[in-house]
Amino acid sequence: QIGLWLDQAEAHFIHPTLTTNEPETTTSELESQVRHKGESGDGIRLGGFRSTNNENHKQHREQDALHKYYKELQHKLLEYDEIYIFGPGPARSELYNLMKEDAHFSSKNIHTESADQMSENQLQAKVKAYFTK
């Protein structure tokens with residue numbers, strides 16, 4: 001059994017029987033406001049409008065970073081039969097959908113739930129409460 005709190009920046013693995021309050025943490029390579037060498041400002045003037053040619057590249061880099069992050073999480077979750085995924089935003093449902101498409105997770109019990117930012121004690125309590133019911 002494992003609990004996983006995640007957003008697009010980091011994931012916390014919480015074991016329901018763990019006595020310490022320090023969950024294992026994995027961080028993604030996704031960064032906001034990244035400036036890559038050789039790129040200038042985001043736009044150019046076209047008449048009275050601004051246009052950008054960097055947006056496509058930025059989106060691809062972001063998608064590649066998220067894909068790598070989700071694959072790393074999936075690899076770590078393979079050994080567990082019961083997986084409780086919770087957290088804010090779309091990351092939990094994106095990971096859940098990828099896991100449902102993967103044959104390695106077809107026999108595993110996976111549940112997702114929306115949750116806000118929490119302290120380590122709150123994370124531990126939520127996971128313990130979920131697996132004791």
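Sort the following peptides by mean Cβ neighbour count (other Cβ atoms within 10 Å, averaged over residues), highest first: 95-103, 112-120. All intermediate terms of the calculation are to be shown ahead of the outcome.
Working: 95-103: 14.3, 112-120: 12.6.
Going from most to least packed, we get 95-103, 112-120.
Set the Förster distance to 22 Å, then compute FRET efficiency between Glu24 and Asp81 from the Cβ-Cβ distance, nearest 0.05. Please report the intermediate quantities before stating the final value.
Working: r = 18 Å, r/R0 = 0.82.
Taking R0 as 22 Å, the efficiency between Glu24 and Asp81 is 0.75.
Around Leu6, what is the net charge, scoring Lys/Arg as +1 and Asp/Glu as -1 over all other residues with Cβ under 15 Å from its Cβ?
On the way: positive: Lys68, Lys71, Lys76, Arg92, Lys126; negative: Asp7, Glu10, Glu24, Glu29, Glu72, Glu94, Glu113, Asp116, Glu120.
Overall, the nearby charge balance is -4.
How would you rank 78-85, 4-11, highest first, on the average number of other Cβ atoms within 10 Å across their residues?
Values: 78-85: 15.6, 4-11: 20.9.
Listed from highest to lowest mean packing, they are 4-11, 78-85.
Given Lys76/Lys100; Lys68/Lys100; Lys71/Lys108; Lys76/Lys108; Lys100/Lys133; Lys108/Lys133, which pairs have Cα atoms separated by over 21 Å? All intermediate terms of the calculation are to be shown ahead of the outcome.
Working: Lys76/Lys100 16 Å; Lys68/Lys100 17 Å; Lys71/Lys108 17 Å; Lys76/Lys108 14 Å; Lys100/Lys133 24 Å; Lys108/Lys133 18 Å.
From Lys76/Lys100; Lys68/Lys100; Lys71/Lys108; Lys76/Lys108; Lys100/Lys133; Lys108/Lys133, over 21 Å: Lys100/Lys133.
Between Thr112 and residues 5 or more places away or on another chain, which pairs have amide H atoms under 5 Å apart, with H built 1.01 Å from N, and which residues are they?
Amide H to amide H, under 5 Å and 5 or more residues apart or across chains, Thr112 pairs with Ile85.
What is the sum of charges around Ala91, taking Lys and Arg as +1, Asp and Glu as -1, for the other residues whose C-beta is under 12 Å from the C-beta of Ala91? Don't skip to the answer; put the middle values down first.
Details: positive: Arg92; negative: Asp7, Glu10, Glu94.
Charge balance in the 12 Å sphere: -2.
Values quoted throughout were computed directly from the atomic coordinates according to the rules given, and no laboratory measurement underlies them. Remember, predicted model here, so these are calculated numbers, not experimental data. Cβ atoms come from the backbone with ideal geometry, glycine included; neighbour counts cover every protein chain shown.
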